[in-house]
Amino acid sequence: DDGLAGKVAVITGGASGIGRALAAAYARAGVTSVLGYHPGDPHDPAAAVADVEAAGGRALAVAADVTDPRAVQNLVETATGEFGRLDIAVANAGILRRAPLAEMTDERWDDMLNVDLTGVLRLLRSAAGAMREGGALVAVSSIAGGVYGWGDHAHYAAAKAGVLGLIRSLGVELAPRGIRANAVIPGLIETPQSLDEENSLGPAGLAAAGGGIPAGRVGRADEVARAIRFLTSDDASYITGQHLVVDGGLTVR
Ligand code: NAD
């Protein structure tokens, strides 16, 4: 028994990509999801909720910009208010921007860290505060923040590396309360973020990159989602403060 059935999760950035795939994976495991979405996101969170309902699950979408601590607190309070408990929080929301060093103004740097690092802190802080019977936290980092250099993305890399330090610290700090904290490190995954030509590889770049990955292809959002689901299940009951690389062998070749 993976212990997931009947649990309640909050997921930031739940309208698209990995977050949307995670809500569907949770639905198949009997987990109710409260999906935070960016109010300016072109992706309709109703589509993510429809995926969950098609899988026989339950989900609610709530506007929650992770740069606003009150909105994040409200997201968590919606989960406990509507469903009576909170067991899982997944800090998945993130942005990716291309910025060579000469164009890396303080403003660009701060905007990135505000979403991709402090945004993670905001969710995990609110969620841990609401957990009454232990729980599981996961943050989505990146190979760029752990084990893989990526030029023109230093702010993204720094934020994602910061997430790993945050998770190690919380793993230790929250263990006495029965709360585990782990990170996933996705490699190249086909999602709206990586399909964005301006800031990431774009469709042609992604297709070309597949050949350089030992698995012979880029990853799918649901492959990261299932790794997150594992880390938040009782199958990972003795795993905390760790990160799990999900990259088809890209960084060990
Ligand atoms: P995505 O763009 O589909 O998902 C990111 C989500 O975050 C979107 O729904 C977006 O609206 C949301 N978001 C952005 N800013 C926000 C804010 N201020 N408040 C709330 N939500 C906000 O792409 P994805 O690939 O599914 O990204 C999910 C996570 O995975 C991100 O943290 C990303 O950095 C990370 N990641 C992705 C890849 C990849 O190859 N796709 C690789 C490594 C890490």
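The values are calculated or read from the model by the stated rules, or taken from the named source; none is laboratory data. Given the structure is predicted, the values throughout are model-derived calculations rather than measurements. Counting neighbours? That spans all protein chains shown, and the Cβs are built from the backbone with ideal geometry, glycine included. The accessibility values were calculated without ligands, DNA or RNA, using every heavy atom of the protein model including side chains. Shrake-Rupley method; radii C 1.70, N 1.55, O 1.52, S 1.80 Å.
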Out of curiosity, is THR232 over 25 Å from THR105 (Cα atoms), hydroxyl-bearing (Ser, Thr, Tyr), touching a strand residue (DSSP E or B) at 6+ places or on another chain (Cβ under 8 Å) and surrounded by 20 or more Cβ atoms within 10 Å (Cβ to Cβ)? yes
Please state which of the following conditions ASP65 fails to meet, knowing it meets all the rest: (1) part of a loop (DSSP other than H, G, I, E, B); (2) surrounded by fewer than 17 Cβ atoms within 10 Å (Cβ to Cβ); (3) not β-branched (Val, Ile, Thr). (2)
Residue selected from segment 33-62 under the condition charged (D, E, K, R) and surrounded by 15 or more Cβ atoms within 10 Å (Cβ to Cβ), by the criterion farthest from the ligand (Cβ to nearest atom): ARG58
Of ARG70, ARG20, the only residue that is open to solvent by 40 Å² or more (accessible area, probe 1.4 Å), more than 18 Å from the chain's Cα centre (by Cα) and modelled with pLDDT of 95 or more is ARG70
State the number of residues belonging to segment 86-109 that are more than 26 Å from LEU75 (Cα to Cα) and of a type in the set (S, T, N, Q). 1
Helices (runs of 4 or more DSSP H) (entirely within segment 86-189) containing at least 1 residues that are under 24 Å from GLY249 (Cα atoms) and open to solvent by less than 40 Å² (accessible area, probe 1.4 Å): 143-146, 154-174
Selection status of GLU77, over 28 Å from GLY134 (Cβ atoms) and either out of contact with any strand residue (DSSP E or B) (no Cβ under 6 Å at 6 or more places or on another chain) or assigned to a helix (DSSP H, G or I) (or both): no
Take the residues of segment 202-229 that are among the β-branched types (Val, Ile, Thr) and touching an Asp or Glu at 6+ places or on another chain (Cβ under 8 Å): which is nearest to ARG28 (Cα to Cα)? VAL218
Given the residues GLY13, GLY30, which is the only one that is at positive phi, within 14 Å of the ligand (Cβ to nearest atom) and modelled with pLDDT of 95 or more? GLY13
